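Below: one structure, written as structure tokens.
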Amino acid sequence: MQIIRSIKKMQVISRQLASKNKIGLVPTMGFLHEGHLSLIRKAKKLSDKVIVTIFVNPTQFAPNEDLSKYPRDEKGDIAKIKAAGGDIVFIPKRDSIYPDRFETYVNCEKITQTLEGESRPTHFRGVTTIVAKLFNIIRPDVAVFGQKDYQQVMVLKKMVVDLDYPIKMIIAPTVREKDGLAMSSRNKYFNAVQRKEAICLYQALKTAKQLVKSDNVNETIKLRNSMKRVIKKICPTAKVDYIAFTDFESLKITKKVNKNTICSLAVKLHGVRLIDNMKMG
Ligand code: PAF
């Protein structure tokens, strides 16, 4: 497995590979867990060469967010990527991605305004900018992202259409711990007691889905209230940022659940902001 740190070198290698290989890309911010590894395995099935990137992208963090304490483990990540079947790891330097006078950003304007975008107004501009840069450097045929960051995938899919990237975008299912907690690098911030309470997001989503499926409840106001009760019961100090029911494709808010509805939520628990989602239909 090759480790590449220079943008120029990465460009040369991916252009050489492209003549004979389908290139699969898995962009990450490192500190890899089973969720990331499932994306690498998926990319492996869909392409000939898998390139995994590790870059903790400063432009997607707001000044009050956790950029400086974001967990890192480059050595461990490299070993995991190798074991999962990655062919190349691209680890660019911060200053080469964002040199001193950097001033060009990619911004998807509308579907970034709701949900995560409302609480984190500069977040998606950072995500689309870095992913566009990685797409330009690597020129993959396929790119794989996890459904856990559902809005992120929809925003990136929109960018691919709007900017004419010839890239197939794949959404891979969220990988969960045994108790249902969606895997996330941020789970590592919790102590044992807090970690148990972190299942409140999954439990709330499961409760809503159960109400839709078994009790035919479809008013989102009722579902949201039930979800809030579940969260409070499991973690009394939790602060719900949002619980939103939207159309899966358009991200438009819906008042009644139908087969295309997805429920997304963000909850702050013990200083850590977690997100999760589940299709209700
Ligand atoms: O999902 C992530 O880890 C990041 O947002 C991504 C897509 C790697 C861009 O920095």
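When the criteria are applied in full, THR53 meets the requirement of being closer than 20 Å to LYS8 by Cα, within 19 Å of the chain's Cα centre (by Cα), at pLDDT 95 or above and among the hydroxyl-bearing types (Ser, Thr, Tyr). Please go through the stretch 54-72 and give me each residue that is of a type in the set (Asp, Glu) and farther than 23 Å from CYS108 by Cα, ordered by number. Of everything in the stretch 54-72, just one residue is of a type in the set (Asp, Glu) and farther than 23 Å from CYS108 by Cα, namely ASP66.
Set side by side, the residues ASP100, ASP87, ASP164 differ, and just one is buried (at least 18 other Cβ atoms within 10 Å of the Cβ), away from the ligand (no atom under 15 Å from the Cβ) and more than 28 Å from LEU265 (Cα to Cα), which is ASP87.
Note on the stretch 38-65: residues that are of a type outside the set (D, E, K, R), surrounded by fewer than 21 Cβ atoms within 10 Å (Cβ to Cβ) and farther than 23 Å from ARG125 by Cβ total 2. Inside the stretch 133-151, residues that are within 13 Å of the ligand (Cβ to nearest atom) and touching a helix residue (DSSP H, G or I) at 6+ places or on another chain (Cβ under 6 Å) make up a count of 5. The set of residues in the stretch 195-250 that are of a type in the set (Lys, Arg) and either without any contact (Cβ under 8 Å) to a residue 40 or more places away in the chain or touching a Phe, Trp or Tyr at 6+ places or on another chain (Cβ under 6 Å) (or both) comprises ARG195, LYS196, LYS213, LYS222, ARG224, LYS228, ARG229, LYS232, LYS233, LYS239. Of all residues in the stretch 234-247, those that are of a type in the set (Gly, Ala, Ser) and within 25 Å of VAL153 (Cβ to Cβ) total 1.
Quick one: in the stretch 167-198, which of the residues that are within 14 Å of the ligand (Cβ to nearest atom) and more than 17 Å from ILE275 (Cβ to Cβ) is surrounded by the most Cβ atoms within 10 Å (Cβ to Cβ)? Among them, the one singled out is ILE167. Within the stretch 149-160, residues that are within 11 Å of LEU115 (Cα to Cα) reach partners that are within 11 Å of the ligand (Cβ to nearest atom) and in a helix (DSSP H, G or I) with beta carbons closer than 8 Å, at six or more positions or on different chains, in the pairs GLN151/GLU116; GLN151/PHE124; GLN152/GLU116; GLN152/PHE124; GLN152/VAL127. Can you work out which of the residues in the stretch 103-132 that are under 17 Å from TYR242 (Cα atoms) and polar (S, T, N, Q) is surrounded by the most Cβ atoms within 10 Å (Cβ to Cβ)? Residue satisfying both the conditions and the ranking: THR112.
If you scan the stretch 20-67, which residues turn out to be polar (S, T, N, Q) and either near the ligand (Cβ under 10 Å from one of its atoms) or farther than 20 Å from SER185 by Cβ (or both)? Correct list: ASN21, THR28, SER47, THR53, ASN57, THR59, GLN60. Going through (1) under 22 Å from VAL153 (Cβ atoms); (2) surrounded by 15 or more Cβ atoms within 10 Å (Cβ to Cβ) one by one, SER250 falls short only on (2). Take the stretch 1-50 and flag every residue that is among the hydroxyl-bearing types (Ser, Thr, Tyr) and touching a strand residue (DSSP E or B) at 6+ places or on another chain (Cβ under 7 Å). Within the stretch 1-50, SER14, THR28, SER38, SER47 meet the criteria.
The values are calculated or read from the model by the stated rules, or taken from the named source; none is laboratory data. Everything numeric here is computed off the predicted structure, so don't read it as measured data. A quick note on method: Cβ atoms are made from the backbone with ideal geometry, for glycine too, and the neighbour counts reach across all protein chains shown.
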